[in-house]
1. Mind running the shape call on the stretch 482-525? Use the C-alpha gyration tensor, a ≥ b ≥ c as the square roots of the eigenvalues: rounded below 1.5 for a/c, prolate if a/b tops b/c, oblate otherwise.
2. Could you calculate, for the stretch 514-570, the ratio of the Cα radius of gyration to the Kirkwood radius, expressed as Rg to Rh?
3. Could you check how much of the accessible area of the stretch 66-179 is carbon and sulfur, as a whole percent, using a 1.4 Å probe?
4. For the stretch 162-208, rounded, prolate or oblate, judged on the Cα gyration tensor with a ≥ b ≥ c (square roots of eigenvalues), a/c < 1.5 rounded, else prolate if a/b > b/c?
5. For the stretch 435-540, count the residues as N, evaluate 2.2 N^0.38 Å, and divide the Cα radius of gyration by that value, please.
6. Based on a Kirkwood Rh over C-alpha pairs, give the Stokes-Einstein translational diffusion coefficient of the stretch 181-274 at 20 °C and viscosity 1.002 mPa s in µm²/s.
7. Just how many % of Cα pairs in the stretch 96-135 lie over 17 Å apart, if you round to the nearest whole percent?
8. What accessible area per residue, rounded to a whole number of Å², is obtained for the stretch 442-518 using a probe radius of 1.4 Å?
Amino acid sequence: MSLLVVGLSHRSAPVSVLERAALTADAQVKLLQDTVAAEPATEAAVLATCNRIELYADVDKFHAGVAELSTLLAQHSGVGLEELTPYLYVHYEDRAVHHLFSVACGLDSMVVGEGQILGQIKDSLARAQDLQSAGRLLNDLFQQALRVGKRAHSETGIDRAGQSLVTFGLEQLARGGDVQQWARGKKALVIGAGSMSSLAAATLARAGVAEIVVANRTFDRAEHLAQILMDGDDTDVAARAVPMESVPAELTRADVTISCTGATGLVLTAESVAEAVEGRTPAPAAGSGEDGPGTPGGASGSATGSGAQRGGASGTSLGSEDGCPLELSSVQGTAGFSVLGEAAVAGMAAADLEQHAAWVDNGSVGGDRRAAAGAARPGQTGTLDPAADTDAIAALAATVATVGRIPERRRPEPVEEPQRPEPVLFLLDLAMPRDIDAAAHRLAGVRLVDIESLAEASAGAPMAADVDQVRRIVSDEVAAFGAALRAAHITPTVVALRTMAADVVAGEIARLDGRLPGLDDKHRAEITQTVRRVVDKLLHAPTVRVKQLAAEPGGAGYADALRTLFDLDPETVAAVSRAEDSTTEKDRGPA
């Protein structure tokens, strides 16, 4: 059997696809049940977080396993297989182990180094154990992944490379400023009472918010979280619980709202957010740029005034500027210039138009005159020498005859962006699929940060030096786990071989008793011990060596070779393996 993982994450799929493919708790249970019921898989576990969905399985056939797991993911996520397939990734055997260990260490997280993934891996294993879909392989794999993740956080500074998603989100709300200074005295609304929401509430409390209101569909859980916040020794925050029906009213009072629920639809629509901030944002002052549709930032008036001064109908045209060799009253100013485009319209060489554009834009043409005109301001014109620039003047005249104007390269006027008022409501959406309507970010007085914007913000984040050390830990642990797995794979065969040898010894001693019935107990015991020592010595070197060889990459075939050479009964080997699995299961304990 071999380990296989099929999944998608923020690295392989856009947030819109992850959002649609998100699995509810019930869907995860059904997916596990259907996976172990499928022919290629004997074990299964699902790791579903806000930015990844992965299905792990122990399969006996690679291609059949990939096809079956992909189909099951598509069925239970509700996204068609053809649409989902381009975003899926597949890892097999050692690569699958390497992937999970990297995930456990936070190397594959949206925020590198975040530690919450360890709790999610633990929950995933506990779910698979409850459903009895995790056997020896996945139990060992996930428990080792937890140990590797803890080792990475304790032995390195990976925590400095990134923070939890909550902390990173709050930093984005604070625009990179000090979170505690930004949060101090604010009123917060936390929607949801799960692990992520609880972490968000605790982070806000430590940051110094004045009040936290917890809303949840199960009111008892909201009350429990509020009580924990109130009882915290390291915080001094007022906390209370409200039912979900009170969210609209509480939203009007909140300065910060964090939402992370398991809802399949929107919890906060753009309309509800707009109602919550209505009357809380100052009206735009006269001339502030919010003059209505079509004139953002007063751009229309500004452009008109500028055009009047830069060659418009009411201003001075290029043809009447001092020093221009062509008196062309019909020339009109333009806001942009394309050499190739204008050349195509004018039917003339692009080089001639480029020469004229440089003359208009830089104040000169030609190497000697360019230096002389270097002090001229951009946009001023130089003087063409009729003797030296006959061709250029002729080309310009032809252009005027064709298009009615001299094309110019104009620097576009800067457009004033409408000034948005300072946010009065900060929204952090950590849910997948999203809880808060993405359209809310366009509302005045609202700042929204969600999973998609967090992914964009963290994409260019510098990697800490400790990341390399964590990668080395992962590589070492993958090698050790693979060796142990391969060695464990051959152990039942070795045990079966030694059992067969012991049976042979017992049989021969019984025959000896029949041939020498008068043999006393002392001599019989001595003979028995001597025969056993001979067998043990003969088997010791081969079995030790075969375990070493089997632990190396590509060593899985040694078990088959051993069974073939000694004609071992496959059912005997399988019985030993089942007995070991049963003993390991009893000794394993909770995840």
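The values are calculated or read from the model by the stated rules, or taken from the named source; none is laboratory data. Nothing here was measured: the structure is a model prediction, and the numbers come from that model. Ideal geometry is used to build each Cβ from the backbone, glycine not excepted, and the neighbour counts take in all protein chains shown. Heads up: the accessible areas ignore ligands, DNA and RNA and are worked out on the full protein's heavy atoms, side chains in. Shrake-Rupley method; radii C 1.70, N 1.55, O 1.52, S 1.80 Å.
1. Values: a/c = 9.80, a/b = 3.86, b/c = 2.54.
Taking the square roots of the gyration eigenvalues as a ≥ b ≥ c, the stretch 482-525 is prolate.
2. Details: Rg = 17.2 Å, Rh = 14.0 Å.
Rounded to two decimals, Rg/Rh equals 1.23.
3. Details: 2030 of 4520 Å².
Carbon and sulfur atoms account for 45 percent of the accessible area of the stretch 66-179.
4. Numbers: a/c = 2.06, a/b = 1.28, b/c = 1.61.
Taking the square roots of the gyration eigenvalues as a ≥ b ≥ c, the stretch 162-208 is oblate.
5. Details: Rg = 33.7 Å, N = 106, 2.2 N^0.38 = 12.9 Å.
Normalised Cα radius of gyration, the stretch 435-540: 2.61.
6. Working: Rh = 13.0 Å.
Approximately 164 µm²/s, per Stokes-Einstein.
7. Working: 279 of 780 pairs.
Looking at the stretch 96-135, the distances longer than 17 Å represent 36 percent of pairs.
8. On the way: 3950 Å² over 77 residues.
So the stretch 442-518 comes to 51 Å² accessible per residue, rounded to a whole number.
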